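**Student:** Mind looking over this structure? Questions follow.
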Amino acid sequence: MTVATTDTTAGTEVFRRIRETRLAILKELRKIIVGEDEAIDQVLTAIFAGGHCLIQGPPGTAKTVLIATLAQVVDLQFKRIQFAPDLMPADISGTEILEEDQKSGRRVIKFVKGPVFANILMADEINRTPPKTQAALLEVMQEKQVTIGGQSHALPKPFYVLATQNSMEQEGTYALPEAQQDRFMLSILMEYLPVDDEITVVRRTTGVQKSELQRVIGGAELLEFVQAVRGVVLPPVIGQYIVDLVAASRPTAPDALPFIKEYVTWGAGLRASQNIALAAKSFAAQDGRDTIAIGDVKKTIHPVMRHRLGLSFRAEVDHVSVDTVIEKLLAHVPAPAA
């Protein structure tokens with residue numbers, strides 16, 4: 001009995017620390033970021049869960065500013081890559097060079113690390129580079145390593161890819177392959193601010209006063225929190241609900257819903273179920289709780305699913321958005337009792 005009590009106390013303590021750390025990070029972020037509370041919550045959810053984020057929105061909605069500010073608040077190595085049409089895979093991963101050893105006089109092959117060797121990698125405007133360069137991030141995001149010349153090089157821990165994408169521009173852009181989109185834990189939307197918030201931003205950014213940011217958390221503690229999030233309890237009935245929701249998004253299922261058959265070309269896969277559960281655990285942990293609730297799951301459905309559903313031409317004709325399809329899914333799949 002004594003051991004069980006100690007474990008419970010330790011578990012409660014780490015979730016209390018996660019909650020306090022979240023509040024401290026929010027305090028610092030709000031010195032720079034005005035509004036966008038939902039986007040901030042979702043980015044922090046991915047950070048505490050150890051996942052990657054794709055942040056989309058029109059120009060001037062603080063996508064890049066949010067990531068850069070977060071990088072200043074956490075004590076982690078940060079690097080930024082401005083994606084462009086002429087960017088090559090080696091510009092991301094690194095490359096091997098032939099170098100002369102000054103002592104022996106022999107020529108040796110040396111691996112020069114690319115900017116991906118960081119804790120937080122900002123992939124700015126990720127859809128502005130061709131698919132062959134985008135593909136350089138596939139192994140990086142999944143295995144968290146770089147393989148060059150048959151040699152694997154591990155990335156620093158923790159490691160996050162926080163990518164931005166302009167939702168309005170079509171010229172000179174390359175759509176991300178489905179396999180790469182699936183590696184992002186969350187797809188986060190940032191829209192134009194309400195008028196009052198925009199006025200606040202204008203006043204802040206055109207004045208002389210600058211906000212001083214304080215670092216809140218380091219890598220070792222963040223890794224501890226990521227591990228603790230995985231220890232949050234997922235009740236069996238909620239786990240079944242998550243799987244039912246994801247399975248219901250697939251038009252090829254024998255019992256597929258009529259609106260899914262009409263509006264969805266391809267549905268979400270296993271990673272969607274895993275990331276819904278993990279993001280819900282992160283939401284619970286940030287609230288200081290050790291067990292997932294239905295509300296945690298419903299908060300995660302949109303950012304986890306919106307980049308994992310392929311809409312049909314019929315959906316485009318009927319002006320049906322992916323978020324509308326997700327809302328209909330939530331309405332049709334019964335949730336377990338609270």
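No lab work stands behind these numbers, since they all come straight from the coordinates. Just so we're clear, the structure is a prediction, and the values are computed from it rather than from any experiment. Note that we place each Cβ from the backbone using ideal geometry, even for glycine, and neighbour counts take in every protein chain shown.
**Student:** Compactness ratio of the chain: Cα Rg over 2.2 N^0.38 Å, N = residue count?
**Tutor:** Values: Rg = 21.7 Å, N = 338, 2.2 N^0.38 = 20.1 Å.
So the chain has a normalised radius of gyration of 1.08.
**Student:** Around residue 148, which amide H atoms from residues at least 5 apart in sequence, or from another chain, sit under 5 Å from its own amide H, with H modelled in the peptide plane?
**Tutor:** It is 153, by chain and number.
**Student:** Sticking with this structure for a sec: Taking every Cα atom in region 95-135, find the radius of gyration and the maximum pairwise distance Dmax, and write them in Å.
**Tutor:** 15.8, 45
**Student:** Nearest 20 debye, what's the magnitude of the dipole of region 221-338 about its Cα centre given +1 on Lys and Arg Cβ and -1 on Asp and Glu Cβ? Don't skip to the end; give the middle numbers.
**Tutor:** Working: 12 positive and 12 negative charges, 37 e Å.
The calculation lands at about 180 debye.
**Student:** Kirkwood Rh over alpha-carbon pairs of region 23-71, then Stokes-Einstein at 10 °C and 1.306 mPa s: what D in µm² s⁻¹, rounded to an integer? Numbers along the way, then the final one.
**Tutor:** Details: Rh = 11.2 Å.
Taking Rh from Cα pairs, D becomes 142 µm²/s.
**Student:** Still on this structure, please answer the following. With Cβ to Cβ distances under 13 Å as the rule, what net charge do the other residues near residue 222 carry (K, R +1; D, E -1)? Before the final figure, lay out each step's value.
**Tutor:** On the way: positive: 17, 22, 157, 215; negative: 75, 221, 224.
In short, +1.
**Student:** Counting helices only, and only those DSSP H runs with n ≥ 4, report the 222 nm mean residue ellipticity of the chain as the sum of -39,500 (n - 2.57) divided by its residues, in deg cm²/dmol to the nearest 500. Don't skip to the answer; put the middle values down first.
**Tutor:** On the way: 15 runs with 159 residues, N = 338.
When only DSSP H runs of four or more count, the value is -14000 deg cm²/dmol.
**Student:** Now, a different point. What is the Rg over Rh value, at two decimals, for region 1-128, using alpha-carbon atoms and the Kirkwood definition of Rh? Kindly include the intermediate steps, with their values, before the conclusion.
**Tutor:** Values: Rg = 20.8 Å, Rh = 18.1 Å.
Looking at region 1-128, the ratio lands at 1.15.
**Student:** How big is the gap, in Å, between the Cα center of region 197-251 and the Cα center of region 102-129?
**Tutor:** 29
**Student:** Do any of 261/298; 79/113; 281/328; 27/63; 113/157; 31/63 go past 20 Å between their Cα atoms, and which? Provide the component values of the computation, followed by the final result.
**Tutor:** Details: 261/298 23 Å; 79/113 12 Å; 281/328 24 Å; 27/63 18 Å; 113/157 16 Å; 31/63 15 Å.
Violating the 20 Å limit, Cα to Cα: 261/298; 281/328.
**Student:** Right, another one. Would you mind counting up the charge near residue 270? Only other residues with Cβ under 15 Å from its Cβ, with Lys and Arg at +1 and Asp and Glu at -1. Kindly include the intermediate steps, with their values, before the conclusion.
**Tutor:** Values: positive: 183, 250, 271, 308; negative: 178, 182, 244.
Overall, the nearby charge balance is +1.
**Student:** Under a 10 Å cutoff between Cα atoms, tell me which one of 207, 114, 60 has the largest fluctuation in the Gaussian network model of the chain.
**Tutor:** Checking each option, the largest mean-square fluctuation is seen for 207.
**Student:** Still on this structure, I have one more. Determine the percent antiparallel among the DSSP beta bridges restricted to the chain, to the nearest 5.
**Tutor:** Details: 13 of 34 bridges.
Percentage antiparallel, nearest 5: 40.
**Student:** Across the chain, where is the longest run that never hits GluC sites (Glu not before Pro) in a DSSP loop with at most 10 other C-beta atoms within 10 Å?
**Tutor:** Numbers: sites that count: 171, 212.
Within the chain, the longest run free of exposed GluC sites (Glu not before Pro) spans 1-170.
**Student:** If N is the number of residues in region 232-338, what value comes out of its Cα radius of gyration divided by 2.2 N^0.38 Å? Display every interim value, and only then the final one.
**Tutor:** Numbers: Rg = 14.0 Å, N = 107, 2.2 N^0.38 = 13.0 Å.
It is 1.07.
**Student:** Can you tell me what percent of all Cα-Cα pairs in region 205-266 are more than 16 Å apart? Can you show the working numbers first?
**Tutor:** Numbers: 1336 of 1891 pairs.
Cα-Cα pairs in region 205-266 separated by more than 16 Å: 71 percent.
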